[in-house]
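Chemist: Below you'll find the structure I mean.
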Amino acid sequence: MAEEPAKREPQGQPALRTLAMPGDANPNGDIFGGWVLSQMDLAGGVSAGIRAQGRVATVAIDAMRFHQPVGIGDLVSCYTRITRIGTTSITIHIETWARRHRHGEAVLVTEGTFVFVAIDENGRPRPVPAES
């Protein structure tokens, strides 16, 4: 398991909050990494879609780090921060924090860098609009 990162506050804007349920866990009570990854992808897609003013698709996960496990009953929150905007792409750093058993300490459990591409109604890349 990775070393615990230094205590700090979440970086970015809140994009998703959900509860880790028993159906998302392995027999030891730890939430599957794939479930956490899917929550991060949803959060990033929300932020990228707002910035792109429309449909987006995930094209890459450039980096991913699991710091601590997520347990059943943890309140999971994803925070997003846009780090780069290309012609058609948006790169977003996503942090996942878990509030232990819904009311305990909030800890950084996972972080990663996701890349989304803005797409048109036919699923083809389109330019990301300039900020208004």
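Chemist: Filter region 71-101 down to the residues that are in contact with a Gly (Cβ under 9 Å, 6 or more places away or on another chain), buried (at least 21 other Cβ atoms within 10 Å of the Cβ) and among the hydrophobic types (A, V, I, L, M, F, W, C), then identify the one that is nearest to G112 (Cα to Cα).
Modeler: I94
Chemist: If we scan region 21-34, do we find a residue that is closer than 30 Å to N122 by Cα, free of Cβ contacts under 8 Å to residues at least 24 places away in the same chain and not basic (K, R)?
Modeler: Within region 21-34, the subset closer than 30 Å to N122 by Cα is 34.
Then drop every residue that is not free of Cβ contacts under 8 Å to residues at least 24 places away in the same chain, which leaves 34.
Cutting the leftovers down to not basic (K, R) gives us 34.
Within region 21-34, one or more residues are closer than 30 Å to N122 by Cα, free of Cβ contacts under 8 Å to residues at least 24 places away in the same chain and not basic (K, R).
Chemist: Please enumerate the residues belonging to region 10-27 that are exposed (fewer than 15 other Cβ atoms within 10 Å of the Cβ) and not hydrophobic (A, V, I, L, M, F, W, C).
Modeler: Kept after step one, since they are exposed (fewer than 15 other Cβ atoms within 10 Å of the Cβ), are these residues of region 10-27: 11, 13-14, 17, 19, 21-23, 26-27.
Selection gives Q11, Q13, P14, R17, P22, G23, N26, P27.
Chemist: Shifting gears a bit: What about A52, is it buried (at least 17 other Cβ atoms within 10 Å of the Cβ), closer than 22 Å to E131 by Cα and without any contact (Cβ under 8 Å) to a residue 60 or more places away in the chain?
Modeler: Details: buried (at least 17 other Cβ atoms within 10 Å of the Cβ): yes; closer than 22 Å to E131 by Cα: yes; without any contact (Cβ under 8 Å) to a residue 60 or more places away in the chain: no.
No.
Chemist: Take A57 and decide whether it is under 24 Å from N122 (Cα atoms), modelled with pLDDT of 95 or more, assigned to a strand (DSSP E or B) and out of contact with any Gly (no Cβ under 6 Å at 6 or more places or on another chain).
Modeler: On the way: under 24 Å from N122 (Cα atoms): yes; modelled with pLDDT of 95 or more: yes; assigned to a strand (DSSP E or B): yes; out of contact with any Gly (no Cβ under 6 Å at 6 or more places or on another chain): yes.
Yes; evaluated as a whole, the condition is true for this residue.
Chemist: Here's a check for you: in region 13-42, which residue that is part of a loop (DSSP other than H, G, I, E, B) and modelled with pLDDT of 95 or more is nearest to R102 (Cα to Cα)?
Modeler: Narrowing region 13-42 to residues part of a loop (DSSP other than H, G, I, E, B): 20-21, 26-29, 32.
Those left that are additionally modelled with pLDDT of 95 or more: 20-21, 32.
On the way: A20: 10, M21: 12, F32: 18 Å.
Looking at the filtered set, the residue picked out is A20.
Chemist: Can A63 be described as modelled with pLDDT under 95, within 15 Å of F114 (Cβ to Cβ), touching a Gly at 6+ places or on another chain (Cβ under 8 Å) and part of a strand (DSSP E or B)? Lay out the reasoning, then the answer.
Modeler: Values: modelled with pLDDT under 95: yes; within 15 Å of F114 (Cβ to Cβ): yes; touching a Gly at 6+ places or on another chain (Cβ under 8 Å): yes; part of a strand (DSSP E or B): yes.
Criteria met by A63.
Chemist: When F66 is evaluated against the numbered criteria (1) more than 24 Å from P22 (Cα to Cα); (2) in contact with a helix residue (DSSP H, G or I) (Cβ under 8 Å, 6 or more places away or on another chain); (3) not acidic (D, E), which criterion, by number, is the only one it fails?
Modeler: Every condition holds for F66 apart from (1).
Chemist: Please state which one of D41, D30 is charged (D, E, K, R), under 24 Å from G86 (Cβ atoms) and surrounded by 13 or more Cβ atoms within 10 Å (Cβ to Cβ). Give the derivation first.
Modeler: Values: D30 fails: under 24 Å from G86 (Cβ atoms).
The match here is D41.
Chemist: Specify the residue that is nearest to T110 (Cα to Cα); the eligible residues are those in region 43-54 that are part of a helix (DSSP H, G or I) and over 10 Å from the mean Cα position of the chain (by Cα). I'd like the intermediate steps shown before the answer.
Modeler: Filtering region 43-54 for residues part of a helix (DSSP H, G or I) gives 43-52.
After this cut, where a residue has to be over 10 Å from the mean Cα position of the chain (by Cα) as well, the list is 48-52.
Working: A48: 19, G49: 22, I50: 23, R51: 23, A52: 25 Å.
Here the residue is A48.
The values are calculated or read from the model by the stated rules, or taken from the named source; none is laboratory data. Bear in mind that the values here come from a model prediction, so they are computed numbers and not experimental data. So basically every Cβ, Gly included, is an ideal-geometry build from the backbone, and we count neighbours across all protein chains shown.
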